[in-house]
Amino acid sequence: MADILDLKGRTALVTGAGQGVGRRVALHFAEHGAGAVLVNDFRAERAEKVAEEVRALGVKALPVAGDVGDLDAVTAAVARAADEFGPIGILVNNAGNAGPQPTEEMTRPFWRQTPAEWHGYLGTNLFGVLNNVHAVLPGMIESGYGRIVTVISDAGRVGEPGREAYSAAKGGAAGFIRSVAASTGRYGITANCISLAATRTPRTEGRFADEERFKKIMSKYVIRRAGEPEDAANLVLFLASDAASWITGQTVPVNGGYSFAL
C-alpha cells in the first residue's frame, strides 16, 4: 500500500530538533521518506545525537548547531544544506520557549519586566521564524515546491496569563505565516501552523512533576492527559506531505480540547 505521507526524498530542516517535539518530527520524517534532515538545536551535542538517530534509520542527516535568532547563521546553514543535499523542500519552525539563554527575570509579571526580558521570546519564537522562512524561500520558489510548518502555542492563539511576550511572539508568527501562505501559494508553497497546549517534553517535565498541580492543569482539558511529542509530530508530518497539498494559511490546534476553534 502506498504511503500517502511519503516525503519523496525531500530535504527538511527542523529547528529546535534536539529533543521533544522537534526530535520526534525529525524521526517521523526519516521514517516517511525524507531524503535528508537538518537537525537544528542551539546545543551541538543534542543536534548531533538526533542526527545519529536519523542516520540509523537510513536517512542522511546534518546537525546544525545555532540560534535561530541569528539570521546570518541560519542563512549559512541553509546554503550549506543546499550544497550537500539540494534545496530545502520542507521547513519546520519548532524552536521555541524562552530561547537559548532564559533568565529568572523572564518569569516576572509583565509590568515588572524590561524589554531585555522580551527579547528572548521574540528572538526565538518570532524572529527565528522570519529568519528561517527568509532563508528557505528563494530555493522553494525556484524549485516550485515548499512546505512550511510553524509550531505555535495556544498561548498565542487564545492567550495565557503571565506569558504576554511569549503569546505576542507566537501570535505574531501565526500572522506572519498566513501572510507567507497568501504570497507564495502561486509557487507551489504551503504554509501552516499547529498550535500546541501542554505537551510533555524535557523542557516541561518540571510542570508535571507535582501530581496535584498536574491534575489541576489537566482539569482544563477535554482529553485529560498531557500531549506527547508524537501528537504534534503526526500533524506536522501530514502538513509537510503532499496529502495536505490543498491546505495553507491555517492554524490547527493539537491541544487535547484545551480550547476549541471553528
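The values are calculated or read from the model by the stated rules, or taken from the named source; none is laboratory data. No experiment lies behind these values; they were computed from the predicted model shown. Glycine gets a Cβ as well: all are built from the backbone with ideal geometry, and neighbour counts include every protein chain shown. These area figures cover heavy atoms from the full protein model, side chains too; ligands, DNA and RNA do not enter into them. Shrake-Rupley method; radii C 1.70, N 1.55, O 1.52, S 1.80 Å.
What do you reckon, is Ile152 in a strand (DSSP E or B) and surrounded by 15 or more Cβ atoms within 10 Å (Cβ to Cβ)? Yes: the conditions hold for Ile152. When you look at Ala77, is it among the aliphatic types (A, V, I, L, M) and in contact with a Gly (Cβ under 9 Å, 6 or more places away or on another chain), yes or no? Here the answer is yes, as Ala77 does meet what is asked. From the list Gly66, Gly20, Gly120, which residue is at positive phi and at pLDDT below 95? Checking each option against the conditions leaves just Gly66. Remark: Phe260 falls outside the filter, which requires a residue to be open to solvent by 20 Å² or more (accessible area, probe 1.4 Å), aromatic (Phe, Trp, Tyr) and modelled with pLDDT of 95 or more. Scoring His119 on the criteria (1) open to solvent by 30 Å² or more (accessible area, probe 1.4 Å); (2) under 12 Å from Val68 (Cβ atoms) leaves a single failure, condition (2). Could you name every one of the helices (runs of 4 or more DSSP H) located completely within region 156-248 that has at least 2 residues being out of contact with any Phe, Trp or Tyr (no Cβ under 6 Å at 6 or more places or on another chain) and open to solvent by less than 20 Å² (accessible area, probe 1.4 Å)? Helices (runs of 4 or more DSSP H) meeting the threshold: 164-184, 229-240. Which of the residues spanning region 134-173 are among the hydrophobic types (A, V, I, L, M, F, W, C) and closer than 25 Å to Ile217 by Cα? Result: Val151, Ile152, Ala155, Val158, Ala165, Ala168, Ala169. Among the residues of region 129-147, is any touching a residue at least 40 places away in the same chain (Cβ under 8 Å), open to solvent by 50 Å² or more (accessible area, probe 1.4 Å) and touching a strand residue (DSSP E or B) at 6+ places or on another chain (Cβ under 9 Å)? Scanning region 129-147, I find at least one residue that is touching a residue at least 40 places away in the same chain (Cβ under 8 Å), open to solvent by 50 Å² or more (accessible area, probe 1.4 Å) and touching a strand residue (DSSP E or B) at 6+ places or on another chain (Cβ under 9 Å), so the answer is yes. Restricting region 3-17 to residues that are in contact with a His (Cβ under 9 Å, 6 or more places away or on another chain) and modelled with pLDDT of 95 or more leaves a set whose member that is nearest to Val78 (Cα to Cα) is Leu7.
Could you please tell me which pairs satisfy a Cβ distance under 7 Å, a separation of 6+ or placement on different chains, a first residue in region 170-199 that is within 13 Å of Thr251 (Cβ to Cβ) and among the aromatic types (Phe, Trp, Tyr), and a second residue that is outside any strand (DSSP E or B) and open to solvent by 10 Å² or more (accessible area, probe 1.4 Å)? Correct list of pairs: Phe176/Leu130. Might you let me know whether region 99-108 holds any residue that is touching a residue at least 60 places away in the same chain (Cβ under 8 Å) and open to solvent by 10 Å² or more (accessible area, probe 1.4 Å)? There is no residue in region 99-108 that is touching a residue at least 60 places away in the same chain (Cβ under 8 Å) and open to solvent by 10 Å² or more (accessible area, probe 1.4 Å).
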